[in-house]
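Notes follow once the structure below has been shown.
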Amino acid sequence: AAEDGLSGWLRYAPLSCGRSSHLSLPQTIVALNTTISSPVYTAGQELQKGLQGIFAKQVKISDQTTKSSSVVVGSLAQYIKATGNSDVPSLEEDGYWLSVKGDSVQIVGQNERGALYGAFEYLSMLAQGNFADVAKVSNPSAPIRWTNEWDNMDGSIERGFAGPSIFFANGVVVDDLTRVAEYARLLASIGINGIIINNVNANATTLSTQNIRGLGRVADAMRPYGVQIGISLNFASPQSFGGLSTFDPLDASVIKFWTDITNQIYQQVPDFAGYLVKANSEGQPGPITYNRTLADGANLFAKAIKPHGGIVMFRAFVYDQLNESDWHADRADAAVNYFKPLDGEFDDNVVVQIKYGPIDFQVREPASPLFANIPKTNTAIELQVTQEYLGQQCHLVYLPPLWKTVLDFDLKVDGQPSLVRDIVSGERFKRPLGGYAGVVNVGTNSTWLGSHLAMSNLYAYGRLAWDPTSDAQAILQDWIRLTFGLNRIVVDTITKMSMDSWPAYENYSGNLGIQTLTDILYTHFGPNPASQDDNGWGQWTRADHNGLGMDRTVSNGTGFAGQYPAEVAAVYESLEITPDNLLLWFHHVPYTYTLHEGKTVIQHFYDAHYSGAETAQTFPTLWEGLKGKIDDQRYEEVLFRLKYQAGHSIVWRDAISEFYFNKSSIPDQANRVGNH
Ligand code: GCU
């Protein structure tokens with residue numbers, strides 16, 4: 001079998017005979033829908049493929065229940081109709097019930113999509129050599145579990161690191177959608193039910209008649225997997241594309257434009273999921289141009305799409321350029337300042353999509369305070385699978401431990417437990433909608449993300465959106481077994497490297513909540529600690545000869561700490577009790593300031609950079625222990641990247657250490673810095 005990465009974790013590699021020889025497998029697959037585009041039909045095909053791959057067993061598919069042992073898969077309604085058995089535990093939307101008793105298996109979804117998810121779960125167990133009997137119900141944490149793809153119509157991908165688009169080329173939807181269907185298969189296997197296929201910095205030509213027909217084809221390719229498509233919109237389209245004189249969201253001709261476009265889209269894509277809108281941010285047009293509010297802007301689309309059952313994901317990533325000489329100016333303040341006054345004004349089918357931190361996918365950020373400030377609004381969290389600031393897939397960085405610092409964070413709204421994951425699920429504030437958006441940016445590269453190991457982040461993204469309480473390491477190990485096999489050494493080695501990788505990256509890139517020290521002006525790759533300051537982007541470190549960090553206190557700084565509910569604000573306001581790992585996010589301190597851990601800030605910087613780079617240098621050596629235990633192709637491709645990372649971590653280490661040595665003139669106690 002080709003060992004390229006196209007099948008990702010869905011390889012269905014043969015299990016060694018010892019593990020399965022005594023096993024009795026179902027004789028028949030009973031798929032309770034024969035319509036080819038239906039997820040239940042897909043589930044039947046997938047079960048057949050899986051049993052063939054894992055056990056070399058050919059199992060026939062039938063749509064009739066049989067007396068012999070079988071795996072039955074269908075929606076609840078189909079199951080009751082076919083079996084007369086309504087004794088199934090109650091399920092939520094997209095949820096499933098999986099019952100395995102030896103060779104008698106029942107997979108029942110609340111809907112067809114849920115049935116497909118249950119089939120993937122059963123196959124995942126088998127592929128991992130888990131033949132236990134189970135009877136379990138699994139429901140998703142939230143209704144919205146989407147990916148965002150920042151693909152441009154010309155086929156390039158913003159912050160994509162795996163080649164050109166699988167969706168678009170030369171301004172139109174590509175003819176061959178094989179990869180699109182393959183991608184939908186991967187997404188379905190991790191419970192993803194929606195995808196925005198074009199860049200948030202949207203091009204209005206997505207709305208051409210030809211492209212709307214293209215959307216119909218994309219939707220057809222993904223529908224068998226239960227993945228619904230949506231698109232990003234350019235707010236100025238009525239003018240730039242529709243030829244109107246305005247794009248004012250309250251203007252009747254603009255409203256008509258969007259109503260017509262929406263109707264056209266639903267003619268091609270009857271199950272179209274919805275729109276994603278980036279407005280008044282980073283040069284994008286929006287309602288503020290016409291002195292309308294962001295809610296006016298969001299509701300414009302919400303009203304057009306409501307009759308069709310669609311939703312609007314409206315991004316909270318709205319900010320303006322600022323002047324660094326103003327000590328009180330702060331980009332981190334922007335989202336709450338813009339959105340809090342609008343709480344309650346968004347239509348019910350609008351979801352405000354909030355990046356996990358207040359700045360921009362940095363290596364460590366506090367949870368965005370916006371999650372706590374708009375209880376009358378649906379919210380979703382935006383995570384980034386593509387490693388924009390985090391090594392761009394040239395570095396191994398397993399992200400779930402970072403995501404968990406936010407998902408598990410308790411914002412203590414009104415003094416009540418208020419975990420971010422319970423806010424975005426809709427539970428905390430009793431909202432009807434909510435969930436997850438992951439920026440993935442897969443490309444045509446045969447590994448999807450440009451790196452075999454980076455796929456653990458996509459896999460884990462879906463698993464966490466389904467169940468954010470699951471353990472980051474346990475998810476990782478499922479992924480390793482499915483991707484590289486069950487060998488103990490393989491599993492242990494990749495586990496160790498992956499779990500060490502985010503702390504290492506934080507150590508050799510930016511520490512103590514400094515946000516990022518990567519180049520922010522051009523590439524977002526590699527060290528450039530000078531690039532944070534002296535510009536309007538507001539990702540400032542305020543480093544000078546004496547100290548660094550952003551004073552975000554209410555008492556003396558930007559006031560950002562005060563955007564959190566009282567108990568959390570009190571922690572961040574206080575220099576004494578702010579955790580070390582967010583110190584420089586909230587406070588401006590001298591390099592000689594002593595951390596809780598006992599070191600000074602500057603010594604921590606030096607030590608962390610050396611220790612992070614040292615950890616990265618263990619990765620190639622650890623990986624070399626896997627030679628012969630996995631296929632040569634993936635072995636070599638991964639080794640190449642890990643060697644690069646090991647070297648680049650030294651570049652990082654030296655650039656950052658020297659930079660702060662030159663700024664502060666404070667020597668390294670271990671004498672490593674400044675002596676080269
Ligand atoms: C970052 C990223 C941009 C992107 C923006 C966004 O700033 O660098 O490429 O457009 O986020 O999320 O809208």
>> Against the 2.2 N^0.38 Å scaling, with N counting residues, where does segment 203-254 land? I'd like the Cα-based Rg ratio to two decimal places.
In response: 1.39
>> Just to be sure I understand: of the beta bridges DSSP finds with both ends in segment 144-475, what percent are antiparallel, rounded to 5?
In response: 10 percent
> Taking a point 7 angstrom from the Cα of Thr34 along the C-beta vector, which residues in segment 61-84 have backbone N less than 13 Å away?
Replying inline: 61-65
> Can you give the Kirkwood hydrodynamic radius of segment 17-138 from its Cα pairs, in Å with one decimal?
Replying inline: 14.0 Å
>> Let me test this: with uniform point scatterers at the alpha carbons of segment 114-236, what is the Debye-based log₁₀ I(q)/I(0) at q = 0.23 1/Å?
In response: -1.33
> How big, on average over all directions, is the shadow cast by the Cα convex hull of segment 276-341, in nm²?
Replying inline: 5.1 nm²
> What are the principal axis extents of the Cα atoms in segment 384-460, in Å, biggest first?
Replying inline: 47, 23, 17
> Given 0.36 nm per residue, what is the gain on full extension from Phe640 to Thr66 after removing their alpha carbon distance, in nm?
Replying inline: 201.5 nm
>> Residues of segment 104-130 with the amide nitrogen closer than 15 Å to a label point 7 Å from the Cα of Ser90, along Cα-to-Cβ, please.
In response: 110
> For segment 144-475, what is the convex hull volume of its Cα atoms per residue in Å³?
Replying inline: 131 Å³
>> Just to check, using Stokes-Einstein with a Kirkwood Rh over alpha carbon pairs, what's the diffusion coefficient of segment 15-84 at 20 °C and 1.002 mPa s in µm²/s?
In response: 169 µm²/s
>> Along the Cα→Cβ direction, 7 angstrom out, place labels at Asp471 and Asp175. What is the inter-label distance in nm?
In response: 5.1 nm
>> What is the ratio of the Cα radius of gyration of segment 498-546 to 2.2 N^0.38 Å, with N the residue count, to two decimals?
In response: 1.21
>> Given the options Thr289, Gly547, Pro590, identify the residue whose Cα lies farthest towards the positive end of the charge dipole of the chain (+1 on Cβ of Lys, Arg; -1 on Cβ of Asp, Glu).
In response: Thr289
> Nearest 20 debye, what's the magnitude of the dipole of the chain about its Cα centre given +1 on Lys and Arg Cβ and -1 on Asp and Glu Cβ?
Replying inline: 1860 debye
>> Let me spell out the model: positive unit charges on the Cβ of Lys and Arg, negative unit charges on the Cβ of Asp and Glu, origin at the Cα centre of segment 17-138. What dipole size does that give, in debye rounded to 20?
In response: 440 debye
>> Assuming 0.36 nm per residue, please report the length gained on full extension of the stretch Asp414 to Gln264 beyond their Cα-Cα distance.
In response: 49.5 nm
>> Taking each pair of distinct Cα atoms in segment 554-676 once, what is the resulting Kirkwood hydrodynamic radius in Å?
In response: 17.3 Å
>> If packing is taken as the average count of other Cβ atoms within 10 Å, what order do 214-226, 87-99, 644-656 fall into, highest mean first?
In response: 214-226, 644-656, 87-99
>> Rg and Dmax in Å for segment 212-336, alpha carbons only: what are they?
In response: 16.6, 55
> Rg to Rh for the chain: what is it, with Cα atoms only and Rh by Kirkwood?
Replying inline: 0.98
>> I want to check the label-to-label distance for Asn662 and His328. Put each point 7 Å from Cα in the C-beta direction and report it in nm to one decimal.
In response: 3.5 nm
>> Can you list residues from other chains, or at least 5 along the same chain, whose modelled amide H is less than 5 Å from the amide H of Ile381?
In response: Ile354, Gly435, Tyr436, Ala437
> What is the magnitude of the charge dipole of segment 144-475 about its Cα centre, with +1 placed on the Cβ of each Lys and Arg, -1 on the Cβ of each Asp and Glu, and no other charges, expressed in debye to the nearest 20?
Replying inline: 660 debye
> Between Asp580 and Lys430, what FRET efficiency follows from the Cβ-Cβ distance if R0 is 56 Å, with the result rounded to 0.05?
Replying inline: 0.95
> Which of Gln239, Val174, Asn148 sits closest to the plus end of the dipole of segment 133-255, meaning its Cα is farthest towards the positive end, when Lys and Arg get +1 and Asp and Glu get -1 on the C-beta?
Replying inline: Asn148
>> What does the extension gain come out to for Leu250 and Gln45, with contour length at 0.36 nm per residue minus their alpha carbon separation?
In response: 68.9 nm
> Among the DSSP beta bridges whose two residues both lie in the chain, what percent are antiparallel, rounded to the nearest 5?
Replying inline: 30 percent
> Which of Lys306/Lys376; Lys303/Lys340; Lys496/Lys663; Lys57/Lys81; Lys306/Lys404; Lys67/Lys101 have a Cα-Cα distance over 26 Å?
Replying inline: Lys496/Lys663; Lys57/Lys81; Lys306/Lys404
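Readers should treat all values here as calculations from the given coordinates under stated rules, not as data from a laboratory. Here the structure is a predicted model, which is why all the values come from computation and not from measurement. Methodologically, a virtual Cβ is constructed for each residue, glycine included, from the backbone with ideal geometry; neighbour enumeration extends over all protein chains shown.
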